[in-house]
């Protein structure tokens, strides 16, 4: 996949394009991308994904500090590459860009700059100023500008159409199984290992405290999870705790992410690692003393080893 920063000086062959945020690049997105790649190959053209950075909500919403997303741009690039897309165009999103009327965007950028011959959009897609661009708007513009447009229906489960918002809601509730099923892969969080209080080491369960790479990365619900930890290119089983550690902390407003990597004792302070959520083990709990906590962690370890090894 060739990555383009902006849309100037492109030389694409009969581009079949789609556009959107693609947060999570979930199974619904993959169904659309599979159609995109198929149409491009049938028409002997190139498949093109157009996305925006930063996320439009970070630009358009004044109170954006608490916004959270499923994927960073780097993660999105990796996932889109796995979908066999030929080109990824990343357009800078700013206030001026947000004011472009939808038909002007189609005419001046999609058609004139990118050379789109065939546009594929999702079932609920909106774009342009105030979200005025929908399938009917695009279809009307397509007739005037002589390019084809196709709308792909959403990927449905028994619960309804898969969407980024439904996956975010599942993660916020700690429903890892549902989220992973809808994503089509295990949700992950990446970050830097930072110094902690080292209490885990005193009870035989040293932990790596993780500071997420992006402050807008969605962190699942508080609790204990079975995870796999990626260090360099190697995966290690681990049990991860998200929350305030109420057994040892008085300030319950502080939220941390700590992972105990099983059968691993290397120094990884300052290193970047990724954790892949495989299973939720239990809720966070306050124990009466460290002995009870240690005993529970022993049970968590046994369960994690059964799940992951």
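The values are calculated or read from the model by the stated rules, or taken from the named source; none is laboratory data. What you see is a predicted model, and the numbers here were worked out from it, not measured in a lab. All Cβ positions, even for glycine, are placed from backbone atoms using ideal geometry, and neighbour counts span all protein chains on display.
If I go through the range 24-50 residue by residue, how many of them are surrounded by fewer than 21 Cβ atoms within 10 Å (Cβ to Cβ), in contact with a strand residue (DSSP E or B) (Cβ under 7 Å, 6 or more places away or on another chain) and under 26 Å from residue 178 (Cα atoms)?
Matching residues across the range 24-50 total 2.
What number of residues within the range 260-309 are out of contact with any strand residue (DSSP E or B) (no Cβ under 6 Å at 6 or more places or on another chain) and in a strand (DSSP E or B)?
0
Residue 226: modelled with pLDDT of 95 or more, assigned to a helix (DSSP H, G or I) and in contact with a helix residue (DSSP H, G or I) (Cβ under 6 Å, 6 or more places away or on another chain), yes or no?
No, not satisfied.
For the condition in contact with a strand residue (DSSP E or B) (Cβ under 7 Å, 6 or more places away or on another chain), at pLDDT 95 or above and buried (at least 19 other Cβ atoms within 10 Å of the Cβ), what is the one hit in 176, 138?
176
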